[in-house]
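FYI, it's all coordinate maths here, none of it is from the lab. Every value quoted in this text rests on a predicted model; they were computed, and no experiment measured them. A quick note on method: Cβ atoms are made from the backbone with ideal geometry, for glycine too, and the neighbour counts reach across all protein chains shown.
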Amino acid sequence: MKLLGAVSQGSGAVNEDGFGYAGDKDNLAAAWIFDGVTGINPRQYLSGGSDAQWLVARAHGHLAELASRDIALEALLHELVAQLMAGWAAETASLDLPRDYDPPAACLVLVKRYPDGWQSLRLGDSCLLAREAGGGRRILAASPNNSFDHWLAREAQKRREQGVFDVKALLAEFAPQLRDSRARRNRPDGYSVLECSRDALAMPEIVSLGWPDQMLLCTDGYYRAVDTYGLMDDAQLMNASAAGVAEVLDLIRATEATDPACLRHPRFKPADDATAVMLAASR
């Protein structure tokens, strides 16, 4: 696989997304994206731009070494979590965190090449699209499908129709529901996510992909082109991303700029951090 393009852009002062790859751009061994989960604590506690950015930066640093190893994805995840836990212990040793502290977390999609084909590891609701080889049109899609986020977007729309547009005010109002949702991280009744805890090992999604012609890894801020704004479907998103991920992101931002109140396209935040990595088979 070769790297066709990559883009990562924050929606505010701090970009909590991230991406990386292992190997040469024309012969990749692995690639990954992160989507840091926006914190709901009253203030930042960890170093970096935000607590979520702290986690993403450290996980990226570890993957830069781990992804090049001859190691199964399950073992890779175990090592990644162990290193994150060690870093967390060192970072927080002198901190007095509140009892209700919401620890940092991030969605992760990683694809890695093995002798018998590519495999993917997915934690959270970021997106992986893989187009099968041999000229087939079938696309394997592992995309966002979070009923809580949909509920949150509908409730936020109701508040905006009543004149409440400030995202911080919305976050404060829905803090109890957000905390309840986050208490279900890595539980059977909840969802998987990367965090500095062995809980992150509970239910990763690992899929054998074979030898696809193309792969698109993207965070939900980029996938808004499909599931929020209806600009294109999965196949069209892959085609457009192969032509230029930056141009797709420009289209997403332009669409958001025409609807700053989130009324035409209901969503909790007017814009989100967005990241995409587009890969294609080397010829």
*Relative contact order for the range 197-270: what is it in percent, counting Cα pairs under 8 Å that are at least 6 residues apart?*
22
*Identify all lysines with a Cα-Cα distance to residue 2 below 27 Å; exclude those on the same chain that are fewer than 8 residues away in sequence.*
25, 112
*Please give the direction-averaged projected area of the C-alpha convex hull for the range 20-112, in square nanometres with one decimal.*
6.5
*Roughly speaking, what is the stretch gain from residue 148 to residue 264, that is 0.36 nm per residue apart minus the C-alpha to C-alpha distance, in nm to one decimal?*
39.8 nm
*Ranking of 116, 220, 234 by count of other Cβ atoms within 10 Å, fewest first*: 116, 234, 220
*Report the local net charge at residue 40: Lys and Arg +1, Asp and Glu -1, summed over other residues whose C-beta lies under 12 Å from its C-beta.*
-1
_Mean residue ellipticity (222 nm) of the chain, computed from DSSP H runs ≥ 4 via -39,500 (n - 2.57), nearest 500_ = -10500 deg cm²/dmol
_Rounded D (µm²/s) - the range 174-250, Kirkwood Rh over Cα pairs, Stokes-Einstein at 10 °C, 1.306 mPa s_ = 104
*Along Cα→Cβ, 7 Å out, is where each label goes; now give me the distance between the ones at residue 14 and residue 164 in nm to one decimal.*
2.4
*What net charge is computed for the residues neighbouring residue 53, neighbours being all others with C-beta under 11 Å from the C-beta of residue 53, Lys and Arg scored +1, Asp and Glu -1?*
-3
_Pair residue 70, residue 97: separation of 7 Å Cα→Cβ label points (nm)_ = 3.8
_aspartates and glutamates with Cα under 19 Å of residue 158, excluding same-chain neighbours fewer than 8 positions away_ = 149, 166, 173, 256, 259
*trypsin sites (Lys or Arg not before Pro) within the range 46-119: which are DSSP loop residues with at most 13 other Cβ atoms inside 10 Å?*
99
*Reference-scaled alpha-carbon Rg (2.2 N^0.38 Å with N residues) for the range 2-280*: 0.99
